[in-house]
Amino acid sequence: MKLSIIGLSNSGKTTIFNALTGMDIETTAYPTTNAEPRRCIVKVPDSRLDKLSEIFRPRKTTHATIEYVDYIGLTKGDVEQNRKVFDLIKDVDAIVHVDRAFKDESVVHPLGSVDPLRDAETIELELIFGDLEFVEKRLNRMEQGLKRGKKPDESERKLLLKCKNSLGKEIGLRYVEFNEEEHSAMRPLQFLSTKPEVIVLNVEEKDLNTDHLNDIQSSILKMYPFLTVLTMCGKIEMEIARLSPGDAQLFLDDLGIKETAANKVIHTCYKLLGLISFFTYVGDEVRAWTMTKGQNAQKAAGKVHSDIERGFIRAEVISFDDFISAGSIHVAREKGVLRLEGKGYEVDDGDIINFRFNI
């Protein structure tokens, strides 16, 4: 899974990036317009995998991973500058949109004042304008092709005109109703305003768990009901990310924070994208794999290796809870909770699977 962190300049994007990744990238009090994208791959925390590792004691324990990408801030009305960001995020799975809700006179706000509702709307509009520019260019190429005698794909043209109509009214495409055929045709076009999105309100420590913050969250969700809103203090979370697990937990308890920002964003994005985890123990490795909820055992096999998917015979499956209750695979087999499933079996979150295959 790849997540891109976006937002206006000086919203605290890099601070949040550091908090989510444990990196120590320098933060600045002024906007940056030229920089290289920053990337970091982090492990997906999963207590179930840790427990399996304790039981099996493998030489290698492999977590699922997430790649975070941080880049320059978006600028209101600057199409060329913003296109650099749009080109980078077209292929990400979801967007983490950092929205500034903290006041700091030493950190200049590009729009002159701190206003989370206005800033959220600004970013959403820039995504819409990015999509509109893309649609208009594509339609223009179709018109130019028609003049040269090349007949355009009429179904795509109708779809683009439908998108243009909504985008021109400043309506993001996630709020437009499309049929299954249209959705399928839209996937390769990589529209920005259809990306799953989490808004992260970057707040001051004193505002954590306050009614004022709840009001801001409610107002944003009223404006954008298809989005998810999280709140966190970037500065504190960046400090927590640098601590040992034990010290971090003490810090969290002291502040009344139930979960680190890093874990909260990952769990939220898994839910948003409809992802689940399954586990394998092969050779001397315990490993977590990520797949879309609703997919079958043969698709899960393909996550491990294409040869296993192609030569799939059966899957030995046991749920994590049943395995912990049994205490071992041998006891689980005796109790009948270790079962054989065919290629059509819908994998559940937490399944432990051993694939039988022949190639």
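Read-outs throughout are calculated quantities, based only on the coordinates presented, and are distinct from any laboratory measurement. Note that this is a predicted model, so its numbers are computed, not measured. Please note: Cβ atoms are built from the backbone with ideal geometry, for glycine as well, and neighbour counts cover all protein chains shown.
For LYS158, a cut-off of 26 angstrom between C-alpha atoms picks up these lysines, skipping any fewer than 8 places away in its own chain: LYS90, LYS137, LYS147, LYS150, LYS169, LYS195. Pairs of Cα atoms nearer than 8 Å and 6+ residues apart set the relative contact order; for the range 294-357 it is 50 percent. Using the Cα coordinates of the range 294-357, the gyration tensor eigenvalues translate into equivalent-ellipsoid semi-axes of 22, 11, 9 Å, sorted from longest to shortest.
For the chain, modelled as a GNM whose springs connect Cα atoms under 10 angstrom apart, the maximal fluctuation among GLU341, GLU105, GLU156 occurs at GLU105.
Shown here are the Rg and Dmax of the Cα trace of the range 1-145, at 18.9, 65 Å. With R₀ set to 25 Å, the beta-carbon distance separating SER306 from LYS271 gives a calculated FRET efficiency near 0.35. Taking each of LYS293/LYS343; LYS206/LYS271; LYS2/LYS235; LYS164/LYS271 in turn, the alpha-carbon distance tops 21 angstrom for LYS206/LYS271; LYS2/LYS235; LYS164/LYS271.
Springs between Cα atoms under 10 Å define the GNM used for the chain, and in it the highest mean-square fluctuation of ALA288, ALA101, ALA332 occurs at ALA332. For the range 188-261, the fraction of C-alpha pairs more than 14 angstrom apart is 66%. Whole-percent P(r), the range 145-288, all Cα pairs, 10 Å bins from 0: 9, 25, 25, 20, 14, 6, 1, 0. Expressed per residue, the C-alpha convex hull volume of the chain stands at 180 Å³.
Take every pair of alpha-carbon atoms less than 8 Å apart whose residues are at least six positions apart; their mean separation over the length of the chain yields a relative contact order of 19 percent. Note on VAL114/ASP78: beta-carbon distance plugged into 1/(1 + (r/R0)^6) with R0 of 22 Å gives a FRET efficiency of 0.60. Across the cross-link table entries LYS103/LYS258; LYS76/LYS258; LYS299/LYS335, which are compared at the Cα atoms, the separations over 26 Å belong to LYS76/LYS258; LYS299/LYS335.
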